[in-house]
Amino acid sequence: MFKIGVLVSGGGSNLQSIIDKSKSGELQCNVEVVIGDRECYGVERAKEAGIDRHVLDRKILKKELCKEIDKIITEKGVELVVLAGFLSIIDEEFVNKWKGKIINIHPSLLPKFGGPGMYGIKVHEAVLKAGEQESGCTVHYVDTGVDSGEIIAQKRVKVLVGDTPETLQKRILMEEHKLLPESIAKIITEKNKGVYS
Ligand code: GRF
C-alpha cells in the first residue's frame with residue numbers, strides 16, 4: 001500500500017478526508033504517520049484513528065524542525081508527504097530531498113491569492129476585497145517558494161452575493177475534502193504507471 005505522511009497545524013479536516021477515504025478503500029493508501037508542529041485537533045484525529053503521531057515544536061529552528069520531520073518520515077517509509085494545513089515553512093534542504101514527493105493544499109485558485117502571508121481566512125478576505133467572481137482550491141507540488149510549485153489539480157467555487165470570508169471558506173473547504181484525495185489518487189495512479197519515481 002502507498003505510504004503517506006501528513007503534516008498538520010490546525011483542525012485537520014483535510015487529514016480526516018484522507019483517513020476516511022483510505023479506510024473505506026476509495027483511496028489506495030495508508031496514512032503511516034501524522035506530524036503536528038504544535039498540539040492541534042489534527043493530531044487528535046490521528047489519535048482517534050489509531051495512526052502514529054508526533055507533536056514537534058514549531059519554535060525550534062526551521063532546519064532542526066525539518067530534520068526531525070525527515071527522520072520520522074524516512075523511518076516510516078513514507079512515499080508522499082502531504083501538507084494539510086501545515087503552517088511552518090519547510091526548508092530548502094528538505095524540499096530538495098523530497099522533491100516531487102511533497103504536496104500542499106491551498107484555498108485559492110493559485111497562482112492567485114498565494115504567497116507569504118496568504119493563509120487561512122486572509123485568503124478569502126483578499127478574494128472578496130478584489131471582487132473576484134470565483135475562487136477555489138489548489139493542490140500543488142511544493143518547491144522552495146511559497147505556494148509556487150507545479151499545480152496538480154484545482155476545483156472552482158463561485159463567489160455568491162452576500163458571501164463573507166467565512167461562508168466562502170466553508171464552501172471551499174468542502175471542495176478541498178474532495179480535491180486532496182483525488183490528487184493523491186492521481187499521484188498513485190501515475191506511480192503505478194511508472195511515471196512517478
Ligand atoms: C485548508 O483551508 C487548507 O487549504 C489550508 O489550511 C486549511 C486547513 O484546514 N492550507 P484543515 O486543518 O484541513 O481543516
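For LEU109, the amide hydrogen comes within under 5 Å of the amide hydrogens of GLY136, counting only partners 5 or more places away or on other chains and with H modelled in the peptide plane.
Among GLY36, GLY50, GLY136, the largest mean-square fluctuation in a Gaussian network model of the chain (Cα springs under 10 Å) belongs to GLY50.
Bridging of LYS112 to lysines at a Cα separation below 16 Å is possible for LYS122, LYS129, LYS155, LYS158, once same-chain residues fewer than 8 apart are set aside.
Could you work out, for the chain, what percent of all Cα-Cα pairs fall into each 10 Å distance bin, beginning at 0 Å and stopping at the bin that holds the largest distance? Per 10 Å bin, starting at 0, the Cα pair percentages come out as 9, 37, 38, 15, 2.
Rg over Rh for segment 1-108 works out to 0.93, both radii taken from alpha-carbon positions and Rh defined as the Kirkwood radius. Applying the Karplus relation 6.51 cos²θ - 1.76 cosθ + 1.60 with θ = phi - 60° to segment 26-36 yields 3J(HN,Hα) values of 5, 10, 7, 8, 10, 7, 6, 7, 10, 10, x Hz, where x marks Gly and Pro. Counting 0.36 nm for each residue step from GLU93 to ASP20 and taking away their Cα separation leaves a gain of 23.1 nm. Around the amide H of LEU83, modelled in the peptide plane, lie the amide H atoms of LEU7, ILE103, ASN104, ILE105, all under 5 Å away and 5 or more residues distant in sequence or on another chain. Within the shell of other residues whose beta carbon sits under 13 angstrom from the beta carbon of LEU109, the net charge comes to -1, with Lys and Arg scored +1 and Asp and Glu -1.
Label point of ASN30 set 7 angstrom out along Cα-Cβ; within segment 49-70, amide nitrogens under 19 Å from it belong to 49-54. Split the accessible area of the chain by element, probe 1.4 Å, and carbon with sulfur accounts for 51%. Summed over the residues of the chain and divided among them, the accessible surface reaches 50 Å² per residue at a probe radius of 1.4 Å. Assuming charge only on the beta carbon of Lys and Arg (+1) and of Asp and Glu (-1), the dipole of segment 18-155 about its Cα centre is about 100 debye to the nearest 20. Relative contact order, whole percent, for the chain stands at 19, derived from Cα pairs under 8 Å and 6 or more residues apart.
A straight Cα-to-Cα reach below 13 Å connects LYS178 with the aspartates and glutamates ASP20, GLU26, residues fewer than 8 places away in its own chain not being considered.
The values are calculated or read from the model by the stated rules, or taken from the named source; none is laboratory data. No experiment lies behind these values; they were computed from the predicted model shown. Note: ideal-geometry Cβ built from the backbone for every residue, glycine included; neighbour counts use all protein chains shown. Each accessible area value is taken on the protein alone, full model and side chains, heavy atoms only, with ligands, DNA and RNA left out. Shrake-Rupley method; radii C 1.70, N 1.55, O 1.52, S 1.80 Å.
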